[in-house]
Amino acid sequence: MRKPLLPIIITIFASLVPLSASAHVVVGPAQVGVGALQAFSVGVPNERDSATVALRLVIPGGLASVRPNVKPGWTIAMAKTGSGDDARVTEITWTGGQIPPDQRDEFALSAQAPAQPTSLTWKAYQTYADGTVVSWDQAPDGKGDEHIKPYSVTKVIDDLATGPTTPATSAAMAQTALVIASLALLVAAAGFVRRRR
């Protein structure tokens, strides 16, 4: 009797993924378009025996119109530079709530992405009730080293770019679709004529 493959595949996959990967403070999405007004989520797991009682998130340069979502049970403070139209949010801090051990929570904000392709690095500082502060501010090493506390990265891509050949390519695709549709119609008509005979 053959054994089901799915449980075996899941077991192998789980053994290849570092356990620490799920314990990082992660900001999503991992990719946004240039200039997009985007909702970001900040996933915060608690991997210690003490409750998480605060989170400080450093806002990457280039983001505009930064606004954190209301978070019931938590007090939100924002640090800014400049004033008036030139004011920029540099940090958001959530305090007053708790994330119990072995649980996680999500914080949210919206912001407008930079107008040029770049990488946004999200440095975060997680404070526990026992006074411990875990700094998620190191460059990811890509190896899942448990001693590295990596920051999260969001890629800003140019999804609005249209190269000089784009219109011609679109026209060619439209012509190809028209030809295929015409051929399909001819085949259908020929089949209908054969049946009538």
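What follows is calculated from the coordinates using simple rules that are stated; it is not laboratory data. Since the structure is predicted, the reported quantities are computational estimates derived from the model, not experimental observations. Glycine also receives a Cβ, built like all others from the backbone with ideal geometry; neighbour counts cover every protein chain displayed.
Computed values, structure above
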{"quantity": "Taking Thr75, Thr118 and counting other C-beta atoms within 10 Å, the order from fewest to most", "calculated": "Thr75, Thr118"}
{"quantity": "Relative contact order for the stretch 19-157, counting Cα pairs under 8 Å that sit 6 or more residues apart, in percent", "calculated": "35 percent"}
{"quantity": "For Lys155, Lys71, order by how many other beta-carbon atoms lie within 10 Å, fewest first", "calculated": "Lys155, Lys71"}
{"quantity": "Rounded if a/c under 1.5, otherwise prolate or oblate - the stretch 19-157, Cα gyration tensor axes", "calculated": "oblate"}
{"quantity": "Charge sum, other residues only, whose C-beta stays under 9 Å from Ile59's C-beta, Lys/Arg counted +1 and Asp/Glu -1", "calculated": "0"}
{"quantity": "11 Å beta-carbon shell around Tyr125, net charge (K/R +1, D/E -1)", "calculated": "+1"}
